[in-house]
1. Less than 13 Å from a label point 7 Å out along the Cα-to-Cβ axis of Tyr14: which backbone N atoms in the range 202-218 qualify, by residue?
2. Defining a contact as two alpha carbons under 8 Å apart and six or more residues distant in sequence, what relative contact order in percent does the range 1-75 show?
3. On the principal axes of its Cα set, how long, how wide and how thick is the chain? Give whole Å, largest value first.
4. Give, as a single signed number, the net charge of other residues whose beta carbon lies under 11 Å from the beta carbon of Lys54, with Lys and Arg counted +1 and Asp and Glu -1.
5. In terms of Cα to Cα distance under 22 Å, which lysines are near enough to Lys29, apart from those fewer than 8 places away along the same chain?
6. Can you work out the PRE-style zone for Met27? Point 7 Å along Cα to Cβ, and I want the residues of the range 285-301 with backbone N under 20 Å.
7. Quickly rank 271-283, 243-255, 181-193 as a protection proxy: mean count of other C-beta atoms within 10 Å, highest first.
8. How far is helix 157-169 tilted off the main Cα axis of the chain, in degrees rounded to 10, range 0 to 90?
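What follows draws every value from the coordinates through simple rules; no lab data is involved. These figures come from a predicted structure and were not determined experimentally. FYI the Cβ positions are ideal-geometry reconstructions off the backbone, even for glycines, and counts take in every protein chain you see.
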Amino acid sequence: MLPILEVKDLKKHYPVKKGIFGRTNGMAKALDGISLTICKGETFAIVGESGSGKTTLGKTVLRLIEPTSGSIIFDGVDITQLGAESMRQLKTDMQMVYQDPYGSLDPKWTVGRTLEEPLRTHYSLSAQVITERIHRILEVVGLTPQHALRYPYELSGGQRQRVGIARALILEPKFIVFDEPVSALDVSIQAQVLTLLEDLQSRLSLTYLFVSHDLSVVRYISNQVGVMYLGKMMEVGPTEALFSDPLHPYTQALISAIPEPNPDKRSERIVLSGEVPSPRNPPSGCVFHTRCPKAMPQCASIQPEWLQISENRYTACHLYTN
Ligand code: SF4
């Protein structure tokens, strides 16, 4: 499969402000050297605890957040080098769907106005064509043309998230970042929305970056998984291989915490001690060493390299250094 997005050594460092006058006091490393490749038509999931940088990564690959350094190659073009107008045109190809469908929709706007806005921003279309497109996209996401007249407060959570998906789709993008798209929904509605996303992906040849903390959802929806911790990538691999044989101690701990109804398949839960350290003051060496059950003396001082373990599997851990 051909790559649609290649991220190389991506960094986002924020100055940390201190005191009444906001003096700069060090840098927080929200993203610290992230590299990944997403192929056309696949779903690449990013998992990790809160504070891992996964949402920052999703927004940075769309340049909703400006990176500090690194490259983001979308369809062969390094978009970090594009000016504002070229980036505005590219927004038709790259879209985002947010976690909270209620918070991301303007409560004063009808669904029709919400869907009309991106069309008017990017194209010169007649009122009739705009109406036709709005009605068509509502049907594509499982709503009806009558929903165009409704306000967000008149819709259920699942319907609001369908509107959020319709807003992303109306410009006919190639690539969509989903930031926890089902975590605010009831479990039964989650399944409907995930089925819709799968259906849309195959019908419209879409590629997804799917940010989530829910490993069961990730296992269901994705082809590849990247595991993040404190702004760094810990492991990348094909979904089933990563879930059945996690390489990195952090991935092993995350997967051991997934509830397993079959007692024969249950493995021992790995409980991590302590909290995730602040990205303002990350640990030296391997950033996971303060919580790692397999830490060795060198882990506190030497940062592990990004290692290729087999054809599609990568990790950063001294356990795999020869
Ligand atoms: Fe644990 Fe060391 Fe591997 Fe980090 S490098 S995950 S501390 S064993």
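1. Flagged as within label range: none.
2. Numbers: 126 pairs, mean separation 33.4, N = 75.
Computed over the range 1-75, the figure is 44 percent.
3. 68, 55, 44
4. Working: positive: Lys59; negative: Glu49, Asp179, Glu180.
Charge balance near Lys54 sits at -2.
5. Within reach: Lys8, Lys11, Lys12, Lys17, Lys18, Lys54, Lys59, Lys232.
6. Those under the cut-off are 285-288.
7. On the way: 271-283: 13.5, 243-255: 20.3, 181-193: 17.0.
Ranking, from highest mean packing down: 243-255, 181-193, 271-283.
8. Roughly 80 degrees, rounded to the nearest 10.
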